[in-house]
Structures are given as C-alpha cells and as structure tokens.
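The next block holds one structure in the form of structure tokens; read it before the comments.
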Amino acid sequence: MSSLSAPQIRRRKRREGAEPLVMVTAYDEPGARYVDAAGVDIILVGDSLANVVLGHADTLHVSVDEMAHHVRAVSAASPKAHIVADLPWLSYHLDRADTVRNAAVLIRAGAHSVKLEGGRVRLEMVSALLDAEIPVMGHLGLTPQSVLAMGGFKVQAKTLEAAKLLVEDAQALEDAGVFALVIEGVPGEVGRRVTEAVSIPTIGIGAGADTDGQVLVFHDLLGMSARPAAKFVRRYADIGSAITEAVSHFAADVRSGSFPSIDEQYPSAPELSP
Ligand code: KIV
C-alpha cells in the first residue's frame, strides 16, 4: 500500500495549510527508487514514456501494454510514493467497459490510480472508473494527447473565454470525483484561477507558482532529455553529460588496456599462474 492514498492527496490543498505536492515521472525500477529516496509524494508513470524513453515525437504511440510494462517496473521498487499511471491515448475514448478494462491492467501492474486527459467530454469515463473503485486524476490545459487537434504543443487558455472554459472543466471534473488535477501549459494567472475555483489539489507543469503542487518529467529535471527544455523546466543536474563523460572514461580505459586492473579480476589457483 502506498504511504499516500488518493483520499489523502485529495486533502492536500495549500490554502488549507497543506504542503505543496511534489510529483515526478519515473518509468523503471532505478528511476522510481531514486525519486522515492528523494521523498516525492507521487510518482507519475506518464505516457511521456513515448517521447522521453521510447523516442517517439508525441505521446500517441504508446499502448496500454507498454504502459503496464513500465508501471510494473516502477512498482518493483516498492516506492513509498503514490503511483499514478497515465491512461494512454484511445484507451479511454471508446466505451465504459473498454476504459475500465484498460485501467484495470494498469492497476494490476501496480498503479494506485490512473490519470486521463480532458474535461467535460470525459465525464462518462471518469464515472465508469470511479464506479469500478479506481481513483482518477484529471489533466487539463495543454493535453499532449490532443497534439494533432491542437495543431502542436501550444500554451492553452490564453483568452478570458478559454480560461473560463478551463475553470468550468476543472469544476466538472471535481464534481465527477477526480482526486487531483494536473494543469499543464497555461499562463500562471490561469493556473491560479483554476486552483482557486476547485477544492481538489491542482498540480502544475508550466502553469505558474500558485497551483497546489508541481510536476516535472524525470529526464527534463535531470538534464537527460534530447528535446529542448521548455520555458518552465528547471534543470537540477546534468546527468546526461555525467553519463557521457563516465562512459568515455570507460571506453578510453578499455582502449588503453588499463581496464580491468589486477584488482578487478578473479584470482586463479596458483598452479594456473604463468
Ligand atoms: O506524461 C507525463 O509526463 C505527464 C506530465 C507532463 C504531467 O502527463
């Protein structure tokens, strides 16, 4: 059982004195182990798996089975953090039964809840999941699974009208019973308005400083991403360069004959010595 349940996360509203929620993505056992040791509240097995791990241009190319494979790996770390898994594109768009079956695959792989993208248009599927006792996190704003419909990865809710619609979507998701809401790629003022309009916690990514928590993608915050950093990314390390440097040293040592040393070899019986 995770140390932080969906109902506990549901109560983490900053205006009620709660600490901001910290969420980071992870896609495998070592990643989950490292971020859990840092004390994050939530590990997101995001469908960003498609871009940052599998090398696709967008998140439309990842299946439920691929997601489950990575949820299983994250769960193998037995993190203290709550594990939320993304329902990938087209796994919750067809009908209620299909949606619940797909979410169940992720729950049985080790997730404690699932996340899906979209507002009022998704209410029926949110209710199907909640009927099956599966906690749901929402995701509004720049929803990467809508990249084709949006015509690219573009900041959302830049007009007053669009901001109002976003707030209404957030309220509809709250009324439907989601326990938290990711708000992505909107002006900071919109992140603030949505956060004030709902009593569930909002977790921002490129949504300003006023949300109830923040999420970053593992490879972005550690400097391991091939894609150019978005405006909202703060890079806390340059692990990518550290990896290249370490492997270059290994290659140089192999090529010069200095690896392995005598201490890095198993001793043999004396009669085998030259
Ligand atoms: O898949 C993902 O990493 C996400 C975050 C960007 C919130 O959904």
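The values are calculated or read from the model by the stated rules, or taken from the named source; none is laboratory data. The structure presented is a predicted model; accordingly, all values stated were derived computationally and were not measured. Reconstructed Cβ throughout: ideal geometry from the backbone, glycine too, with neighbour counts over all protein chains shown. To get the accessible areas, we keep the full protein, side chains included, count just its heavy atoms, and leave off ligands, DNA and RNA. Shrake-Rupley method; radii C 1.70, N 1.55, O 1.52, S 1.80 Å.
Out of all the residues in the range 242-271, which are open to solvent by 70 Å² or more (accessible area, probe 1.4 Å), more than 22 Å from residue 219 (Cβ to Cβ), modelled with pLDDT of 95 or more and acidic (Asp, Glu)?
Residues satisfying the conditions are 263, 264.
Can you name the number of the only condition in (1) without any contact (Cβ under 8 Å) to a residue 60 or more places away in the chain; (2) buried (at least 22 other Cβ atoms within 10 Å of the Cβ) that residue 23 fails?
(1)
Anything in the range 131-171 that is among the hydroxyl-bearing types (Ser, Thr, Tyr), farther than 19 Å from residue 84 by Cβ and within 16 Å of the ligand (Cβ to nearest atom)? List them, or say none.
146
Does residue 128 satisfy the condition of being surrounded by fewer than 24 Cβ atoms within 10 Å (Cβ to Cβ) and either under 19 Å from the mean Cα position of the chain (by Cα) or away from the ligand (no atom under 14 Å from the Cβ) (or both)?
yes
Can you name every residue in the range 203-223 that is without any contact (Cβ under 8 Å) to a residue 24 or more places away in the chain and either farther than 18 Å from residue 40 by Cα or surrounded by fewer than 15 Cβ atoms within 10 Å (Cβ to Cβ) (or both)?
Passing the criteria: 208, 209, 210, 223.
Is there any pair linking a residue in the range 104-118 that is touching a residue at least 40 places away in the same chain (Cβ under 8 Å) and closer than 12 Å to residue 64 by Cβ to one that is among the charged types (D, E, K, R) and within 12 Å of the ligand (Cβ to nearest atom), with Cβ under 9 Å and at least six apart or on different chains, and which?
106/86
I'd like the full set of residues that are crowded, with 24+ Cβ neighbours inside 10 Å and more than 16 Å from the ligand (Cβ to nearest atom), limited to the range 113-125.
125
Give the range 201-227 a look and list any residue that's in a helix (DSSP H, G or I) and either aliphatic (A, V, I, L, M) or more than 11 Å from the ligand (Cβ to nearest atom) (or both), or say none.
The answer is 221, and nothing else.
Test of understanding: among 74, 35, 22, which residue is within 15 Å of the ligand (Cβ to nearest atom) and outside any helix (DSSP H, G or I)?
Working: 74 fails: outside any helix (DSSP H, G or I); 35 fails: outside any helix (DSSP H, G or I).
On inspection, the qualifying residue turns out to be 22.
Mind checking which helices (runs of 4 or more DSSP H) fall wholly inside the range 106-197 and carry at least 2 residues that are of a type in the set (Asp, Glu)? Spell out how you get there, then give the answer.
Details: elements: 123-131, 147-150, 160-176, 188-197.
Ranges flagged: 123-131, 160-176, 188-197.
Is it true that residue 27 is within 17 Å of the chain's Cα centre (by Cα), within 25 Å of residue 152 (Cα to Cα) and in a loop (DSSP other than H, G, I, E, B)?
Spelling it out, residue 27 is indeed within 17 Å of the chain's Cα centre (by Cα), within 25 Å of residue 152 (Cα to Cα) and in a loop (DSSP other than H, G, I, E, B).
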